[in-house]
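Have a look at the structure below before the remarks.
What follows is calculated from the coordinates using simple rules that are stated; it is not laboratory data. What you see is a predicted model; the values in this text were computed from it and never measured. Because the Cβ atoms are built from the backbone with ideal geometry, glycine has one as well, and the counts that use them run over all protein chains shown.
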2 protein chains.
Amino acid sequence: MTQTKTIYLQQVKQQNLCSILTYIWEAEAISRVELIEKTGLTSGTITNLTSELIEWGLIRESETSSGTVGRKRIMLRFQPELYRIMGLDIGRSSIALVMTDLTGGIVYSRKLDTGETLEPASVLAAIEPLMQEALQLAASEHKRVLGIGVGIPGPMNLETGTLRKPPNFPGWDGYPIRKVLEERLGLPVQIEDDARTSALAERWFGHAKKEGSLVFVTMGMGIGSGIIAEGKLVRGVNGLYGQVGHTMLDPHGIVCDCGNRGCWETIGAIPGILRRYGGEGSMAELMEQVKRGDPSASQCYEETLYYLESALTNVFNMYDPAMIVLGGKLFSYLEPELARIRSRVIERVYDFVKHRVRIEAATFGEVQSAVGGAALVLEELIAKPLQVMRRS
Amino acid sequence: MTQTKTIYLQQVKQQNLCSILTYIWEAEAISRVELIEKTGLTSGTITNLTSELIEWGLIRESETSSGTVGRKRIMLRFQPELYRIMGLDIGRSSIALVMTDLTGGIVYSRKLDTGETLEPASVLAAIEPLMQEALQLAASEHKRVLGIGVGIPGPMNLETGTLRKPPNFPGWDGYPIRKVLEERLGLPVQIEDDARTSALAERWFGHAKKEGSLVFVTMGMGIGSGIIAEGKLVRGVNGLYGQVGHTMLDPHGIVCDCGNRGCWETIGAIPGILRRYGGEGSMAELMEQVKRGDPSASQCYEETLYYLESALTNVFNMYDPAMIVLGGKLFSYLEPELARIRSRVIERVYDFVKHRVRIEAATFGEVQSAVGGAALVLEELIAKPLQVMRRS
């Protein structure tokens with residue numbers, strides 16, 4: 001057999017394994033007969049490939065009695081016993097680390113507030129004990145760690161694994177975070193923009209597990225998004241897809257750091273909200289004034305909700321996703337208004353989609369992006385099981 | 001061989017044919033050796049499949065002397081001699097029909113101004129003589145017509161081939177345009193939103209032939225878009241992807257027909273521009289006043305350009321495409337300002353992408369959407385050559 005042919009057959013095999021794993025993931029439990037129907041593969045191929053996946057310990061068999069006749073059926077599920085995945089989030093004022101099994105179960109979860117924005121060496125010193133704790137936990141239970149996925153502020157160069165002038169993140173420009181972690185941990189490391197890892201957390205473990213379509217909007221000191229369409233993260237030609245915080249909502253607004261004018265971020269993220277309020281105090285203090293019924297605080301708050309509702313309507317009309325999921329520090333202040341935000345967006349979209357508008361709160365709170373880091377590795381495992389299993 | 005296996009092998013064959021045709025299309029001319037490298041298929045498979053494509057008359061061989069040593073190489077290209085594709089555009093005040101060969105050459109092109117918006121029966125009566133003329137041309141030259149693609153105002157139900165309450169298009173709600181044309185012509189018919197066919201015209205025959213990434217923005221009585229990413233039309237979960245005309249640019253704006261407020265369409269499409277100007281006259285008259293230096297006309301015009309530039313910056317930051325292409329009746333008035341629009345958008349996007357901003361005028365003018373109708377059929381031929389060749 002020629003080398004080209006061998007490579008080709010490996011590609012076909014990998015494609016088939018990927019489609020089997022995807023169907024098992026989405027169904028949670030599925031029979032071989034259903035796999036044959038869904039994939040269009042022969043029963044022989046399904047038997048061989050699922051045996052191989054069972055041998056590797058990625059999936060397992062379990063018996064289920066079918067509803068109508070009580071006959072037992074053998075179902076295939078992901079196997080949580082053998083492998084672990086780590087997810088790390090490096091934020092501007094906090095760090096989080098999680099470890100999951102292959103069914104999305106979170107077996108370890110820690111968050112550290114660093115208070116101020118730290119340079120790389122201090123961040124690495126701060127996460128080192130967490131890393132060791134998690135790795136020891138895995139070792140003591142005889143689990144194999146498949147890799148670690150890292151959510152971190154973008155933009156970044158995914159080929160070299162280095163950051164590219166991340167705003168408000170001094171000391172990180174050009175820092176080779178992937179290489180450094182690979183050397184420290186001896187594990188495969190993947191990095192991704194933290195808004196995108198947050199979206200992946202919903203796609204694989206959260207609200208959009210079945211749909212594979214969502215826009216995750218994260219709101220804090222800035223506003224970013226991660227967008228999944230047809231099950232996949234969309235990055236755009238220059239990695240800029242989904243800069244929803246940098247679209248103009250106010251034609252008379254101020255110039256934004258990005259170069260655009262009147263961006264949602266300039267009026268709808270925390271610094272912009274406080275600027276509109278008058279420049280004094282913190283978001284917590286502003287919310288305190290809102291609760292007390294202070295008129296100018298209330299007006300600022302209502303305007304913030306109006307911009308949010310408008311931006312989310314734009315997101316629906318631009319991206320037509322199955323759902324929008326909201327997260328981030330600012331959203332934790334606005335979450336009590338979720339029902340009102342939802343109903344106002346519904347008022348503003350086309351009639352024939354009003355009943356399909358879904359706006360949800362993020363599933364994993366403070367560890368959202370870290371869980372998404374784990375999802376990044378899971379996604380790679382499902383897309384390229386041959387490579388991932390060979391290297392670990 | 002089981003039936004499942006036969007179906008599976010046909011799917012693999014179709015996938016391989018599709019990837020061969022796509023590489024030939026994008027390169028215009030390519031050798032078998034290059035195809036082996038690009039597809040990863042064996043030389044035997046490439047030999048067999050390209051022979052089949054040559055037999056069908058979809059591609060042909062041609063000799064090229066390679067640059068450096070003058071050695072002759074056999075190149076594969078699309079074959080323009082045997083087949084024709086028809087493209088139809090049904091607009092609110094005009095109809096266009098084109099016929100192309102398989103290399104994108106336009107062999108027939110007609111446009112009719114209907115003046116007013118016509119109901120289905122009148123449109124069909126008006127296009128009948130054009131259809132006959134085009135079909136007779138093909139017959140007299142012994143060409144086989146593979147199908148017809150139709151661009152028409154959306155939204156629509158692609159499964160049933162019927163329109164779904166298209167705004168300002170009385171008499172067309174629920175009209176089964178696909179079925180009617182299929183019965184009249186005895187040809188396979190495909191329909192698509194006219195902004196999307198316009199985008200397909202650029203993707204297959206125009207500016208984005210190699211990139212496969214663009215946002216086509218069409219501006220006239222309304223503002224719509226068609227978006228291609230990674231070579232494919234993106235439709236969204238409800239078919240609403242890319243409603244750029246229905247994103248809020250003015251937070252204090254009026255309520256739009258779509259239900260949203262301050263939409264770009266309400267201030268940036270022809271009716272909105274005239275409303276801002278004062279409600280009198282036509283776009284041509286407004287432009288006349290701008291040329292004469294009338295202050296309020298000039299101010300209205302400058303505001304129109306500001307909204308356009310802002311909306312296009314939003315499009316870049318939301319979709320991160322390789323290029324934006326502009327078309328439609330309103331754009332024909334604004335086209336002299338293209339260089340100014342482009343440089344203003346460049347000022348407003350992120351530094352590291354400024355050199356990559358491309359904004360172009362539509363390639364096919366008045367028959368843009370009709371050419372895109374033909375592209376719709378070409379795309380199907382390339383994606384599913386087995387099906388298309390079997391049915392014709």
For the stretch A:1-78, what is the relative contact order in percent, using Cα pairs closer than 8 Å and at least 6 residues apart in sequence?
-> 29 percent
Cα convex hull of chain B: mean projected area in nm², to one decimal?
-> 23.4 nm²
Could you give, in nm with one decimal, how far A:Ala339 is from each other copy of that position, shortest first, with labels 7 Å out from Cα toward Cβ?
-> 5.9
Take the stretch A:77-132, compute every pairwise Cα distance, and split them into 5 Å bins from 0; I just need the percent in each bin.
-> 4, 19, 28, 17, 13, 10, 6, 3, 1
Determine how many Å³ per residue the convex hull of the Cα atoms of the stretch B:7-147 encloses.
-> 158 Å³
Which order, highest average first, do A:277-287, A:195-205, A:369-379, A:221-231 follow once you tally other Cβ atoms within 10 Å for each residue and take the mean per peptide?
-> A:369-379, A:195-205, A:221-231, A:277-287
Over chain B, what is the mean sequence separation of C-alpha contacts under 8 Å (at least six apart), divided by residue count, expressed as relative contact order in percent?
-> 17 percent
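Between beta-carbons, use under 15 Å as the cut-off and find the net charge around A:Asn314, counting Lys and Arg +1, Asp and Glu -1.
In short, -4.
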Which one of B:Val189, B:Val33, B:Val325 has the biggest mean-square fluctuation once chain B is modelled by GNM with Cα springs under 10 Å?
-> B:Val33
Average other protein chain Cβ within 10 Å of Cβ, residues A:374-383 = 0
Rounded to the nearest 500, what is the 222 nm mean residue ellipticity of chain A from helices alone, with -39500 (n - 2.57) per DSSP H run of 4+ residues and division by all residues?
-> -14000 deg cm²/dmol
May I ask you to report, in nm to one decimal and beginning with the shortest, the distances from B:Val255 to the same position in the other copies, taking label points 7 Å along Cα-to-Cβ?
-> 3.8
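At 18 angstrom or more along the helix axis (alpha-carbon based) and mean Kyte-Doolittle of 0.5 or higher, what helices does chain B contain? Whole DSSP H runs only.
Those that pass (Cα extent of 18 Å or more, hydropathy at least 0.5) are B:120-140, B:368-383.
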Rounded to 5, percent antiparallel among DSSP beta bridges of the stretch A:207-362 = 60 percent
Candidates A:His142, A:His246, A:His207; GNM for chain A (alpha-carbon contacts under 10 Å) flags as most fluctuating A:His142
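Taking R0 as 25 Å, what's the FRET efficiency between A:Gln387 and A:Glu128 from their Cβ-Cβ distance, rounded to 0.05? Don't skip to the answer; put the middle values down first.
Details: r = 28 Å, r/R0 = 1.14.
Working from the Cβ atoms, E equals 0.30.
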Would you calculate the separation in nanometres between label points at A:Ile7 and B:Glu230, each defined as 7 Å from the Cα along the Cα-to-beta-carbon direction?
-> 2.1 nm
With a sphere of radius 15 Å drawn around the Cβ of B:Tyr277, what net charge do the other residues whose Cβ falls strictly inside it have (Lys, Arg +1; Asp, Glu -1)?
-> -2
10 Å Cβ neighbours from other chains, averaged over peptide B:281-289 = 0
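What share of the DSSP beta bridges in chain A is antiparallel, in percent to the nearest 5?
Approximately 65 percent, going by the DSSP bridge assignments.
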Could you tell me which residue in chain B puts its beta carbon nearest the axis mapping B onto A, with the distance rounded to whole Å?
-> B:Met318, 3
Roughly speaking, what is the centre-to-centre gap between the stretch B:299-326 and the stretch A:216-242 when only Cα atoms are used, to the nearest Å?
-> 20 Å
Just the Cα atoms of the protein assembly as shown: what Rg and Dmax do they give in Å?
-> 28.2, 85
Relative to the compact globular guide of 2.2 N^0.38 Å, what is the alpha carbon radius of gyration of the stretch B:321-392, as a ratio?
-> 1.56
With charges only on Cβ, +1 for K and R and -1 for D and E, what is the dipole size of the stretch A:173-293 about its Cα centre, in debye, rounded to 20?
-> 260 debye
Run through the DSSP bridge list for the protein assembly as shown and note the antiparallel percent, rounded to the nearest 5.
-> 65 percent
Residue of B:Pro167, B:Pro129, B:Pro251 that the Gaussian network model of chain B assigns the largest fluctuation, springs spanning Cα pairs under 10 Å | B:Pro251
Determine the sum of side-chain charges near B:Val367: Lys and Arg each +1, Asp and Glu each -1, restricted to other residues whose C-beta is under 14 angstrom from that of B:Val367.
-> -2
Just report the Cα centroid separation between the stretch B:251-265 and the stretch B:72-126, whole Å.
-> 35 Å
For the stretch B:1-78, what is the convex hull (Cα atoms) projected area averaged across all directions, in square nanometres?
-> 5.7 nm²
Size of electric dipole in the protein assembly as shown: Cβ of Lys, Arg +1 and of Asp, Glu -1, about Cα centre, debye, nearest 20 | 2000 debye
How large is log10 I(q)/I(0) at q = 0.10, 0.11, 0.12, 0.18 Å⁻¹ when the Debye formula is applied to the Cα atoms of the stretch A:207-362, each weighted equally and without solvent?
-> -0.35, -0.43, -0.51, -1.12
When Cβ neighbours within 10 Å are restricted to other protein chains, what is their mean count per residue of peptide A:256-266?
-> 4
Taking the label point 7 Å from Cα along the Cα-Cβ vector, the copy-to-copy distances for A:Gly293, listed from shortest in nm with one decimal, are 6.0
Shape of the stretch A:118-158, Cα gyration tensor, a/c cut at 1.5 = oblate
